[in-house]
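The values are calculated or read from the model by the stated rules, or taken from the named source; none is laboratory data. Since the structure is predicted, the reported quantities are computational estimates derived from the model, not experimental observations. As a convention, Cβ positions derive from the backbone with ideal geometry for all residues, glycine included, and neighbour counts pool all protein chains shown.
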Amino acid sequence: MKVISKLPAKTFNVLYTTIKNHYKTMKNEKATVLGAAFGVAIGSVIGVLTDNLGLWISLGVAIGAGIGISISQKQKKDKNNQS
């Protein structure tokens, strides 16, 4: 667990803000896929550093897709409010 403490505290915050900045121009599926892609990348790095690649790739995909889905839902709400 010492390796994880060396990672920046804002790792998942970077993922969230990157998707959030681009969500207005994306379709719903694109936000989910982009979130999962960033999740795989971050999960791979953490998995290699902690020598538990399978766990962290899975967690990265789940967290990234969850962030993408939440942004997609927010996008739908924004479109409904503008109509």
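Failed condition for G68, given (1) over 20 Å from T17 (Cα atoms); (2) surrounded by 18 or more Cβ atoms within 10 Å (Cβ to Cβ), with all others met?
In the conditions (1) over 20 Å from T17 (Cα atoms); (2) surrounded by 18 or more Cβ atoms within 10 Å (Cβ to Cβ), G68 misses (1) alone.
State yes or no: is L15 of a type outside the set (G, A, S), assigned to a helix (DSSP H, G or I) and at pLDDT 90 or above? Can you show your working first?
Values: of a type outside the set (G, A, S): yes; assigned to a helix (DSSP H, G or I): yes; at pLDDT 90 or above: no.
So L15 does not fit the description; no.
Which of the residues belonging to the range 31-53 are touching a helix residue (DSSP H, G or I) at 6+ places or on another chain (Cβ under 7 Å), free of Cβ contacts under 8 Å to residues at least 24 places away in the same chain and either under 19 Å from T17 (Cα atoms) or not polar (S, T, N, Q) (or both)?
Listed by number, the residues that qualify are G43, G47, L53.
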